[in-house]
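The values are calculated or read from the model by the stated rules, or taken from the named source; none is laboratory data. Quantities reported herein were computed from a predicted structural model and do not represent experimental measurements. All Cβ positions, glycine included, derive from the backbone under ideal geometry; neighbour counts span all protein chains shown.
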Amino acid sequence: MNFRQGQTEEEPQLNLTPLIDVVFLLLIFFMVSTTFNKQSEISIELPEASGKPLKTEKFVIEIEIDNQGRYFVNQQRVKDNKVSTLKRAIRLTQGRKKTPQLIISSDRNTPYQAVVTAMDAARQLGLVNLTFATKQAEE
């Protein structure tokens with residue numbers, strides 16, 4: 001018999017560090033091996049809108065863009081599709097008017113770049129009263 005005085009038996013300790021490591025490894029494994037599919041469907045039919053028509057001002061500059069990306073400023077064909085040429089045509093139509101209303105009308109199949117170019121030309125000229133023409137959506 002072995003009697004030791006003054007010593008009390010210690011409770012056994014359970015080391016949780018390896019268990020936590022294994023749980024984190026499993027978590028990382030599942031996070032990496034899972035595929036995230038970001039699915040989104042956007043159904044846009046332009047240029048229809050269901051809004052109320054805006055009141056137009058007395059002086060309006062209308063930029064029309066056909067399905068091939070050609071520009072027309074107040075029914076006058078612009079020579080080419082460059083921003084500088086479009087700006088010059090808008091400036092000539094604008095004359096001395098400070099803030100005319102600018103309406104951009106484009107075909108449904110117009111290249112997006114053509115619309116962005118028209119917006120960029122208007123921004124460079126400082127025209128901020130910009131409207132997009134759409135047809136009324138059928139209900």
Odd one out for A89, checked against (1) surrounded by 12 or more Cβ atoms within 10 Å (Cβ to Cβ); (2) over 14 Å from F72 (Cα atoms):
(2)
Do the conditions hold for L102, that is, is it in a strand (DSSP E or B), in contact with a Leu (Cβ under 7 Å, 6 or more places away or on another chain) and hydrophobic (A, V, I, L, M, F, W, C)?
yes
Please indicate, with yes or no, whether at least one residue in the range 93-103 is among the small types (G, A, S) and surrounded by 13 or more Cβ atoms within 10 Å (Cβ to Cβ).
no
Picking from T93, T117, T110, T131, the residue that is assigned to a helix (DSSP H, G or I), within 22 Å of the chain's Cα centre (by Cα) and among the hydroxyl-bearing types (S, T, Y) would be T117
Of (1) at pLDDT 85 or above; (2) closer than 28 Å to R108 by Cβ, V23 satisfies every one except (2)
Matching residues, the range 77-90, being out of contact with any helix residue (DSSP H, G or I) (no Cβ under 7 Å at 6 or more places or on another chain) and outside any loop (DSSP other than H, G, I, E, B):
R77, S84, T85, R88, A89
Lone qualifier among N15, N109 - being modelled with pLDDT under 85, farther than 20 Å from L130 by Cβ and of a type outside the set (D, E, K, R):
N109
